[in-house]
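For reference, the structure discussed in these notes is given below.
The values are calculated or read from the model by the stated rules, or taken from the named source; none is laboratory data. From a predicted model like this one, the values you see are computed outputs, not experimental measurements. Note that each Cβ is placed from the backbone with ideal geometry, even for glycine, and that neighbours are counted across all protein chains shown.
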Amino acid sequence: MAWEPGIRVVVRYRLADGLHDALGELLETAPDHVSVRTRRGDVRVMAETMVTGKQVPPAPW
(Lines give C-alpha, C1' and ligand atoms only; values in the text may rest on other atoms or scores of the structure.)
Protein backbone atom coordinates (compact mmCIF):
# COMPACT_ATOMS: atom_id res chain seq x y z
CA MET A 1 0.00 0.00 0.00
CA ALA A 2 1.32 3.39 -0.99
CA TRP A 3 -1.15 5.31 1.19
CA GLU A 4 0.19 7.28 4.14
CA PRO A 5 -1.73 7.46 7.42
CA GLY A 6 -3.63 10.72 7.84
CA ILE A 7 -5.08 10.94 4.34
CA ARG A 8 -8.82 10.64 3.70
CA VAL A 9 -9.83 7.47 1.88
CA VAL A 10 -12.80 5.34 0.94
CA VAL A 11 -12.39 1.56 0.94
CA ARG A 12 -15.10 -0.72 -0.44
CA TYR A 13 -15.17 -4.22 1.02
CA ARG A 14 -17.36 -7.31 0.79
CA LEU A 15 -18.88 -9.15 3.75
CA ALA A 16 -21.44 -11.97 3.83
CA ASP A 17 -24.30 -9.43 3.81
CA GLY A 18 -23.01 -7.41 0.85
CA LEU A 19 -20.75 -4.46 0.01
CA HIS A 20 -19.75 -1.83 2.58
CA ASP A 21 -17.71 1.40 2.46
CA ALA A 22 -15.30 2.75 5.05
CA LEU A 23 -14.89 6.50 4.49
CA GLY A 24 -12.58 8.54 6.69
CA GLU A 25 -9.03 9.10 7.89
CA LEU A 26 -6.54 6.34 7.20
CA LEU A 27 -5.02 5.21 10.50
CA GLU A 28 -2.88 2.27 9.45
CA THR A 29 -1.81 0.17 6.48
CA ALA A 30 -0.46 -3.35 6.77
CA PRO A 31 0.00 -6.23 4.33
CA ASP A 32 -3.22 -7.89 5.57
CA HIS A 33 -5.47 -4.90 6.44
CA VAL A 34 -6.10 -1.16 6.59
CA SER A 35 -7.68 0.76 9.46
CA VAL A 36 -9.94 3.75 8.80
CA ARG A 37 -11.42 6.19 11.34
CA THR A 38 -15.01 6.74 10.19
CA ARG A 39 -17.80 8.83 11.73
CA ARG A 40 -19.08 5.65 13.40
CA GLY A 41 -15.70 4.60 14.78
CA ASP A 42 -12.57 2.79 13.70
CA VAL A 43 -12.96 0.10 11.04
CA ARG A 44 -10.38 -2.58 10.21
CA VAL A 45 -10.78 -3.84 6.65
CA MET A 46 -9.02 -7.11 5.94
CA ALA A 47 -7.17 -7.31 2.61
CA GLU A 48 -9.04 -10.41 1.44
CA THR A 49 -12.37 -8.51 1.68
CA MET A 50 -11.24 -5.33 -0.13
CA VAL A 51 -12.84 -4.66 -3.49
CA THR A 52 -11.46 -1.17 -4.25
CA GLY A 53 -10.24 1.98 -2.57
CA LYS A 54 -9.05 5.48 -3.32
CA GLN A 55 -7.93 8.73 -1.77
CA VAL A 56 -10.72 11.33 -1.54
CA PRO A 57 -10.78 15.09 -0.90
CA PRO A 58 -11.15 16.49 2.63
CA ALA A 59 -14.64 16.47 4.12
CA PRO A 60 -16.73 19.60 3.50
CA TRP A 61 -17.08 22.02 6.39
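For the condition within 9 Å of the chain's Cα centre (by Cα) and in contact (Cβ under 8 Å) with a residue 24 or more places away in the chain, what is the one hit in R44, R37, R12?
That would be R12, the only listed residue that is within 9 Å of the chain's Cα centre (by Cα) and in contact (Cβ under 8 Å) with a residue 24 or more places away in the chain.
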Check: Looking at this structure, is V34 at pLDDT 95 or above, touching a helix residue (DSSP H, G or I) at 6+ places or on another chain (Cβ under 9 Å) and assigned to a strand (DSSP E or B)?
Finding: yes
